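Asks: Take this structure first; my questions come after.
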Amino acid sequence: RSLRPYIREYKPVLVGVDGGADAILEQGYTPDMIIGDMDSVSDQALRCGAEIVVHAYRNGKAPGTERLKREGIPHVLFPATGTSEDVAMLLADDKGAEMIVALGTHATLVEFLDKGRSGMASTFLTRLRVGSKLVDAKGVSQLYQPRVSTWQTLLLALVGVGAVAISLAVTPVGQTFYGIAGIYLNDLIDFFRQLFGVAPSLKG
């Protein structure tokens, strides 16, 4: 929810890693891509129209493809060592992402050094690869300030001018001002009428 202003303004590519795709759907968005071994993602997410990338082993085997073939869902294989989270970041980096905003990923020192957590070695190497492109979602939500668009500024200016115009219209001074302005406007209109009315005869 804290990333809503950022997503609305920049419209980033939304990548869900396995069950992360369902988290994106729960917030009212549609993932552009779903990456993983497809063991914890719902059928609804798989049929939302996102591109499906199955994380396969280095030898090309991917148990998750059996489910997709059975449901008739098109997909592509991505053989790689490491976690599906690593695959998502490497793919984003390889496709030229300027910034990768990570939500719900492993980031603390305890998680990296925990000997009981498999795959953290590849995660550490992936962090070295993507480097400064990787930004945690909490940091984005705290540092990001929504920009005021041009149409919002214009709308605010029009509202201000309208408020001043209405205020002048209900005061004696304002009514006098509008009366004088109306006289000048009528004179200006008559001037242009005479100008365009005389011009054709002069040309002839």
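Asks: Please list, ordered by chain and number, the residues whose modelled amide H lies under 5 Å from the amide H of Ile73; skip anything fewer than 5 residues away on the same chain.
Replies: Residues meeting the amide H criterion: none.
Asks: Sort the stretch 4-143 into rounded, prolate or oblate with this rule: let a ≥ b ≥ c be the square roots of the eigenvalues of the Cα gyration tensor; rounded if a/c is under 1.5, and if a/c is not under 1.5, prolate when a/b is larger than b/c, oblate otherwise.
Replies: Judged from the Cα gyration tensor, the stretch 4-143 comes out oblate (a/c at least 1.5, b/c at or above a/b).
Asks: Please compute the length gained on full extension between Leu158 and Thr30, using 0.36 nm multiplied by the number of residues separating them and subtracting their Cα-Cα distance.
Replies: So the chain would gain 42.5 nm between Leu158 and Thr30.
Asks: Taking a ≥ b ≥ c as the square roots of the eigenvalues of the Cα gyration tensor of the stretch 8-78, is the shape rounded (a/c under 1.5), prolate (a/b larger than b/c) or oblate?
Replies: prolate
Asks: Give the Debye-formula value of log10 I(q)/I(0) at each listed q (0.24 Å⁻¹), with one equal scatterer per alpha carbon of the stretch 39-90, two decimals each.
Replies: -0.99
Asks: Given axes a ≥ b ≥ c from the Cα gyration tensor, I'd like to know whether the stretch 150-203 is rounded (a/c under 1.5), prolate (a/b larger than b/c) or oblate.
Replies: Taking the square roots of the gyration eigenvalues as a ≥ b ≥ c, the stretch 150-203 is oblate.
Asks: Show the residues, 5+ positions off or on another chain, whose built amide H is closer than 5 Å to the amide H of Val101.
Replies: Hits under the 5 Å cutoff: Val135.
Readers should treat all values here as calculations from the given coordinates under stated rules, not as data from a laboratory. This structure is a prediction, so every number in the text was calculated from the model and none was measured.
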